[in-house]
Amino acid sequence: MSDEEKRKKGIAFFKKLTEGQPRNPSSSRSSVPAAFSRYTMEHLFGDVWQGEELPLELRSLITCTVLVALNREAEQRIHFPGAKNLGVKREQLEAMISHVAHYAGWPCAASAFRVLGEVWPAEES
């Protein structure tokens, strides 16, 4: 597959992942170098996320797990709703956060539950 095909596939997937999410003007593309943006779309979203070895729902849950463990709140705000878009249930995210609390720490989990509540209120489950 050509880089251009991967880029198009990556952009299509990224749109699916972020569907319904507000665009944040303070994190405009201009703050990210064009080469990094291109690499993200071609390689990460156009290649890595598209692998056949794992279903998208599992890739999403794995991504969310890593973001919780690393306490990356900004990225959680993208990937928690993205997980919902890909079919991950809120209860699965809650169970994952509780599990990660025992390995990455209670503060990471508390932050993740706060973010989850902001971007995916329980009443929307």
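The values are calculated or read from the model by the stated rules, or taken from the named source; none is laboratory data. Please read all numbers here as calculations on a predicted model, not as lab measurements. No Cβ is skipped: glycine too gets one built from the backbone with ideal geometry, and neighbour counts run over all protein chains shown.
In segment 16-65, how many are at pLDDT 95 or above, touching a Lys or Arg at 6+ places or on another chain (Cβ under 9 Å) and part of a loop (DSSP other than H, G, I, E, B)?
Adding up the residues that qualify gives 1.
Take segment 82-106 and flag every residue that is within 14 Å of ARG59 (Cα to Cα) and either out of contact with any Asp or Glu (no Cβ under 7 Å at 6 or more places or on another chain) or not small (Gly, Ala, Ser) (or both).
GLY82, ALA83, LYS84, ASN85, LEU86, VAL88, LYS89, GLN92, LEU93, MET96
Out of (1) of a type outside the set (Phe, Trp, Tyr); (2) out of contact with any Cys (no Cβ under 8 Å at 6 or more places or on another chain); (3) surrounded by 15 or more Cβ atoms within 10 Å (Cβ to Cβ), what's the single condition that is false for VAL32?
Only one criterion is unmet by VAL32, namely (3).
Just wondering, is there one or more residues in segment 1-13 that are at pLDDT 95 or above, touching a Ser or Thr at 6+ places or on another chain (Cβ under 8 Å) and not hydroxyl-bearing (Ser, Thr, Tyr)?
yes
Take the conditions in contact with a Cys (Cβ under 9 Å, 6 or more places away or on another chain), within 24 Å of ARG23 (Cβ to Cβ) and surrounded by 12 or more Cβ atoms within 10 Å (Cβ to Cβ) and apply them to HIS43. Does it pass?
no
Yes or no, residue by residue, for (1) in contact with a helix residue (DSSP H, G or I) (Cβ under 6 Å, 6 or more places away or on another chain); (2) closer than 23 Å to GLU19 by Cβ; (3) of a type outside the set (Gly, Ala, Ser); (4) not assigned by TED's automatic domain parsing to the domain that holds LEU61:
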position	(1), (2), (3), (4)
GLN76	yes, yes, yes, no
LYS84	no, yes, yes, no
GLU91	no, yes, yes, no
HIS99	no, no, yes, no
GLY105	no, no, no, no
ALA110	no, no, no, no
LEU116	yes, yes, yes, no
GLU123	no, yes, yes, no
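Checking ALA74 against (1) within 21 Å of PRO121 (Cα to Cα); (2) of a type in the set (Gly, Ala, Ser); (3) at pLDDT below 95, only one condition comes out false. Which one?
(3)
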